[in-house]
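J.: One structure follows; several queries about it will come next.
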Amino acid sequence: MTEVPYILRSSRVEDDTDNNEPGVSGAEVVAFYFPISILIVAPPHLAFSAKCNPLLSLLSNMVSSRAITGVGGAARRYASMPNVRRVLKARDFATVSAVPSTSRSHKVVVVGGGTAGLAVSHNLLRTGRFRPDDIAVIDPAAWHHFQPGWTLVGGGLKTKTDLRRPLPELIDPKLKFYSDSVDVIHPEASSIHLGGGNRISYEQLILVPGINANYGSVKGLQEALADPHSQVSTIYSYDTCDKVFRTIKELQNGTAIFTQPAGVIKCAGAPQKVMWMALDHWKRAGLYSPSKPDSSAIKISFATGLPTMFGVPKYSAKLEELRRERAVEGLFQHDLIAIDGNTAIFARPDGKGQVAKHFDLLHVAPKMNPYDFIKNSALGNEAGYVDVDSGTTRHTKYANVWSIGDASSLPTSKTMAAITSQVPVLARNMLRSMDGKEPDAIYDGYTSCPLVTEYGKVLLAEFKYGGEPKETFGRVLGIDQAIPRRAFYHMKKDFFPWIYYKAMVKGTWGGPTGWLPSTAA
């Protein structure tokens, strides 16, 4: 067995608003509604009183606790490496397989150790129907990232290292973990060939590998991102998300362009979130005035390959209103294709040619694609996404194949919130299928995008298939979620990062439905 090193790290979740949110008033209150029929009213920054309810005590730990987490596996030869401590605690985490080149068989194989992979594998494990190693997880990554937090890093609100964990630390020891890539999937034979040469057989296959950011889709982007002196950045990569706020702080004069490509990307609202926080930062610094944009030191443009600000009409109308109020130039149907020095080159639709724009700061959202092992297999649709039924999440051709999350063909926005509603549907339907029953759970396309519109406020977009709003707080409290609110901001900044590692990756958090019970078919 190969010895695999992991890091013993200290993780803290705490209120950092004092250093990053000038102007947030301490006199306001924050209201949260949870699906267990209680309304929580608390001071800003989630300073809950534990005397009110046990749940408040639990939530207060989100701000006040400092958790030390041990991570398994160590070899003496790694101990001398600087700033790294390792402990031998393998019983706490899934075994990292370094098996000989041979064949292994599992009842369920989950391809992907991201949000969807961890949530669904642990949700299934909690049913009590599976023995140790019945469920296998395959992923070559060493680290698991809370990717929605990268927008907060880009806005100077979080540190990227606080948002990641060693992947094996998050996997239950009753799951078999293959730290390997997928080479080829053979759905007719219900088997997978791994990059390391091993062959894995399965009874049920769950495909949740996510999608791949294609930095090569924009000529010159990779070189610009790698250059520490360039003013080109993106929040879509762990390596570069902290470069974003540095470039925002450094810009004192000139033109800032924020781009969004045509086509499917993770969290379609993220490119705007960074722009709105940058605008607020420059406004507070006296470098930008929405009422006097022509005389401001900085000019701001939003260049999107799409024809509107957002894909859901209700929220798009509000964001367009904000764009006009704040005097942000809208470059619609401008799809970034190349970067040449300080010039961004955009393609226009319908043969309208190309447009070149000078920039002094450029934030890029790259195009994104399915992975080749899906795209080049019989499992993908014409676009390369796993071809599943939009309601049951089951493959349209292979009855023992399932998919949710970014890699799936589910026609909804690809967000963490979507996965909270997709997991229980897939889990229930797959278990019924294993029992010889037909799937009966239906996913309605629920997804959500907490859009930061300035420091201290978030527009909470929640919707389902067809772009129809499905607002949790609108339904319960009668409020309009298209109006940016401070309570939603603290959900985005404080609650979601906390609940993610506390419950979601453990398969126990269902978003608007609250805590998930053990799935029953």
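The values are calculated or read from the model by the stated rules, or taken from the named source; none is laboratory data. All values derive from a computational prediction rather than experimental measurement. When we count neighbours, we look across all protein chains shown, and the Cβ atoms used for this are built from the backbone with ideal geometry, even at glycine. In case anyone asks, the SASA skips ligands and DNA or RNA and just uses the protein heavy atoms, side chains included. Shrake-Rupley method; radii C 1.70, N 1.55, O 1.52, S 1.80 Å.
J.: Scan segment 430-444 for residues that are under 24 Å from the mean Cα position of the chain (by Cα) and surrounded by 21 or more Cβ atoms within 10 Å (Cβ to Cβ) and jot them down.
T.: Once the filter is applied, which keeps residues that are under 24 Å from the mean Cα position of the chain (by Cα) and surrounded by 21 or more Cβ atoms within 10 Å (Cβ to Cβ), segment 430-444 yields only Y443.
J.: Looking only at segment 455-486, which residues are more than 28 Å from G391 (Cβ to Cβ), within 20 Å of the chain's Cα centre (by Cα) and of a type in the set (D, E, K, R)?
T.: K457 - this is the single residue of segment 455-486 that is more than 28 Å from G391 (Cβ to Cβ), within 20 Å of the chain's Cα centre (by Cα) and of a type in the set (D, E, K, R).
J.: Checking V505 against (1) crowded, with 19+ Cβ neighbours inside 10 Å; (2) farther than 14 Å from M416 by Cα: exactly one of these is not met. Which one?
T.: For V505, the failing item is (2).
J.: A further question follows. If the Cβ limit is 7 Å and pairs must be 6+ apart or interchain, which residue in segment 141-160 that is over 18 Å from G114 (Cα atoms) and in contact (Cβ under 8 Å) with a residue 60 or more places away in the chain pairs with which residue that is acidic (D, E) and open to solvent by 10 Å² or more (accessible area, probe 1.4 Å)?
T.: V153/D242; L157/D16
J.: Further, regarding this structure: With S413, S408 as the choices, which residue is under 18 Å from the mean Cα position of the chain (by Cα), under 19 Å from L118 (Cα atoms), open to solvent by less than 40 Å² (accessible area, probe 1.4 Å) and touching a residue at least 24 places away in the same chain (Cβ under 8 Å)?
T.: S408
J.: Please determine, by comparing only the residues of segment 302-346 that are of a type in the set (G, A, S) and open to solvent by less than 10 Å² (accessible area, probe 1.4 Å), which one is farthest from P484 (Cα to Cα).
T.: My answer is A344.
J.: Check A365 against each of (1) touching a His at 6+ places or on another chain (Cβ under 7 Å); (2) surrounded by 15 or more Cβ atoms within 10 Å (Cβ to Cβ) and name the one condition it does not meet.
T.: (1)
J.: Looking only at segment 406-429, how many residues end up being in a helix (DSSP H, G or I) and charged (D, E, K, R)?
T.: Final tally of qualifying residues: 1.
J.: Sort out which residues of segment 457-476 are among the β-branched types (V, I, T), open to solvent by less than 20 Å² (accessible area, probe 1.4 Å) and in contact (Cβ under 8 Å) with a residue 40 or more places away in the chain, and write them in order of number.
T.: Matches in segment 457-476: T472 only.
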